[in-house]
Amino acid sequence: MLLCWNPGQSTPPHRHGEDRHSWFKVLSGELKMVHFKDDEEMRLKQCSGLDQVDLQVESSEVIDVHSPVIYEGPDDASHQLGNRCDDSETAVSLHVYSPPYLQLTYECSNGEEKKIPVVHYGQMFSQIIESYPGEWRGGEIFSNLSAFQSLLDDVFIKGEEKGDDEATIHERITNLMSQIQINPEEWRMHARLHPEHFTRVLIGQSEKWMLILTCWDKDQGTPIHDHQGSFNWIKILDGQLLEENYVCNATKMTPAEQAECEEQTQKAKASGRGDGRQYAERCVQLVRSGVLPPDSVTYLNRDIIHRIRNVSGRPAFSLHLYAPPYVKARAYDVVSGGTELVFLPQEKLKSATDSESFWHI
């Protein structure tokens, strides 16, 4: 990770955890490293916020571009690192962590542990996307949810200002969705599972787009539905989802044909000769299906009719982007081909326990 420090900025006192090694080198400016005494009473007692409690300083040192590489081992005491300059000079340092460093861990005074995600910031990539759309396709962009939303604004708004057509903008969004990597410790903070249905957490939206974290417990899925004209990108964060695409033939059938279709379906079910699928598919027909594996990205056009189901055997999570915002859907009856328009709430995530923060079809 490349760490960028404005004047006066520093980390809270922290440890990197057991079995984790780290190395860092100052590339510009000066950093100050403070080491704290490592006895039981002086460990960080943290239950809310980042306020430290009576830590005793054991030593401190100034590290600059001429200093050697600094190594920190799993047995090192709590420490704090920050920009030594308080007024004008910035600092930059390069850090390597093995294994990957995803969260800070603190000890609470009641014996509990508090974990805070190490969130990466990727807003500087907006300039690369705008100026060099071919150069960022080969690597990963490590970012956070807030910066990712800024990137989406950059692609949609600046693309339109430059006169790019819809296909070009959508290609850039597809590439961005493929490469964006969000710390799982961050998005899991927003995840909400419900025992009876999948949930959709509204992460953010603008006039151009809507970003949803969808949480699927084991075997949960959607009805067959459309997106009412919105384009859709799906990125699988964890688990596997089965997507099935459909076409609706009911609009091409006469009322008599629809009635016959429904009647034959109900007879088949009543007689125990199956579920009547051979008749139902005359109305809403499955045309394609496939499993979406972890980290895959799927692009769906505005005319899509589909349904999704969790086939992981455990909870699964996916990130969904809709353009324009997805505020209503039409659900399809596989038997009759009939439809029902469902309006979707748009409340943003407010707190970890806010019941209005998630919704489902």
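The values are calculated or read from the model by the stated rules, or taken from the named source; none is laboratory data. Everything quoted here is computed from the prediction, not taken from an experiment. When we count neighbours, we look across all protein chains shown, and the Cβ atoms used for this are built from the backbone with ideal geometry, even at glycine. The protein model used for the area step is the full one, side chains on, heavy atoms only, and it has no ligands, DNA or RNA in it. Shrake-Rupley method; radii C 1.70, N 1.55, O 1.52, S 1.80 Å.
Does Ile157 satisfy the criteria of being modelled with pLDDT under 90 and surrounded by fewer than 19 Cβ atoms within 10 Å (Cβ to Cβ)?
Values: modelled with pLDDT under 90: yes; surrounded by fewer than 19 Cβ atoms within 10 Å (Cβ to Cβ): yes.
Yes.
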| request: Find all pairs meeting these conditions: Cβ atoms under 6 angstrom apart; at least six residues apart or on different chains; first residue within region 196-224 and touching a residue at least 12 places away in the same chain (Cβ under 8 Å); second residue in a loop (DSSP other than H, G, I, E, B) and open to solvent by less than 10 Å² (accessible area, probe 1.4 Å). | output: Met210/Tyr326; Trp216/Phe198; Gln220/Phe198
| query | Just to be sure, is Gln181 more than 20 Å from Ile141 (Cβ to Cβ) and open to solvent by 30 Å² or more (accessible area, probe 1.4 Å)? | reply | no
| message | I need every pair where a residue in region 145-166 that is assigned to a helix (DSSP H, G or I) has its Cβ under 6 Å from the Cβ of a residue that is small (Gly, Ala, Ser), sequence separation at least 6 or different chains. | response | Ala147/Gly122; Gln149/Gly204; Leu151/Ser126; Asp154/Ser126
